[in-house]
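Read the figures in this text as sums done on the coordinates, not as results from a lab. For clarity, every value in this text was computed on a predicted model and none was experimentally measured. Cβ atoms come from the backbone with ideal geometry, glycine included; neighbour counts cover every protein chain shown.
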Amino acid sequence: MLDSATDVEDPTEKDIVPSTPQPPSRPGRRRRAGYVGGLFLLLVLLLLGAVVVLIAQGSIAIPIGEVIRILTGQKAGSEISRTIVMDARLPKVVAGLLAGSALAVGGVQMQTLFRNPLADPFVLGVSSGAILGASIVILGTGGVGWLAGLGVVSQLGVTGAAVAGAAGVLLIALGIARRVGDPVVVLVVGVMLGYLAGAAVDMLIYYTDPDRLQALTTFTRGSVRNVTWNELWVIALTCGVVLLLSVFLAQPLNALLLGERYAGSLGVNVRRVHFLSLASVAVLSGVTTAYCGAIGFVGLAAPHLARGLLRTADHRLVLPASALIGGVIVLIAEYIAGGNGLTTTTLPLNSVTAFVGAPVILWVLLSGRARREGR
C-alpha cells in the first residue's frame, strides 16, 4: 500500500525474491520441500491435538480416547459424554479455531496492504470498530444476554453491524495511510481510532439498562464459550468463503510486497486486490467479533511466527500457515483461560493472547532497530 520504506521493516520480505539469480539446486529444493511439508504436518497435528485436549477437559473430564471415538463417529461409552462433546464443547472449539484462523489471515493481509509489520485488526482499531457496530445492535435489542433470544435475522443484524463498523475504521485508516505514508503515524492513528470506538461503547454502556451490561462485558473481552451450533454455521460459512478467497489473493499480495508500481507492471489489478483484501479483512474481523468478541494480538503474532518458521514471506505458504498457527493460539489460550477444568474462574481470551502478542511486538520493534543500527 505504501511505496516508501517502513520504519520497522519485516526481515522476511526480501525472501520472496532470491538474493542470487542462481536457482537452488535440486537437493536444496527437496530439502526445502521436505522442511515445509514437515512443518505443515506438525502444525496440523498440533491443531488436532489442541482440539481433542480442549474438548476432553472441562468441569466434567472425558477421556481422550472417548473424545476421539465420538468425533470419529464410533459408539460412545455413554450418551452423556456424546452430548457434552457434540453439543457443549465442539461448537466453541470450532468457533475458536475459525476465529484464530480468520484473525491471522486478516493480519497477514493488513501487514501487506499497509506495509507495516505491526498492523493487525486489533492494533489498528478494526476490532474496536466491529465492537462498536455490534454493541449498538446488542444494546438496542430486547434480549438481555449476548445474542441470547435473538432470531437468525437479528443475529445477522449484529454480524452486519460488526462488519460495517470494522469496514468503517479500516477505510479511515487506509485513507490516512495513503495520504501520510508514514507507517508509525498510521499505527498511532489506528490506536486512536480504537480508543474513539471504545469511548463510544462506554457512552452506550452509561446510558443502557444495567441488566444488559453483563453480556456486553463478556463480549468486549473475547470468549468462544457462548457459541452454539445455530450461530456456528454463520461463522463457518462466512469465514470459510472468505478464507478460500484469500488463497486466490496470495500471488497478487506477493507482488504488492515489492510495491504497487511493480505489481501493476506485472498485470496485477491493484485496486481490485485492495478492495478484495480490505473487504475480506472487514468481514473476517466483523464476523469473529460479533460471535466471539474482541480477540487481540492473534492477527499480529501468527503471521510473524509463520514467516519465521517458514523463512519466507511468500503468501502461498504464509497464509495457510498463519491460519493454522492462529487456530492453535486461540485454542491454547482458551485452554489456559479456563477450558482446562482446573478452576471455576475463567479469564478473558484477550488476557491470555496478550502474553503472545506483546512479546512479538517487542521482538519486531527491537529487531528492526538492531538492523537499522547495523547498517
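The string of couplings for segment 311-317 from the Karplus curve (6.51, -1.76, 1.60, θ = phi - 60°) is 6, 7, 10, 5, 5, 5, 9 Hz, one whole number per residue in order, with x for Gly and Pro. Couplings for segment 286-294, taken from phi via the Karplus curve 6.51 cos²θ - 1.76 cosθ + 1.60 with θ = phi - 60°, read x, 5, 5, 5, 4, 10, 10, x, 7 Hz in order; Gly and Pro are left as x.
The length gained by stretching the chain between residue 207 and residue 244 to full extension, at 0.36 nm per residue less their Cα-Cα distance, is 9.2 nm.
Computed 3J(HN,Hα) for segment 225-234, one whole-Hz value per residue from the Karplus formula 6.51 cos²θ - 1.76 cosθ + 1.60 where θ = phi - 60°, is 6, 9, 6, 10, 4, 5, 8, 5, 5, 5, glycine and proline marked x.
For the pair residue 60 and residue 180, label points projected 7 Å from Cα toward Cβ lie 5.3 nm apart.
Packing, as the average of other Cβ atoms within 10 Å across residues, places the peptides 296-309, 122-135 in the order 122-135, 296-309, highest first.
Determine, for 262, 291, 207, the number of other Cβ atoms within 10 Å of each Cβ, and report the residues in order from fewest to most.
Details: 262 13, 291 29, 207 7.
In increasing order of surrounding Cβ atoms, one gets 207, 262, 291.
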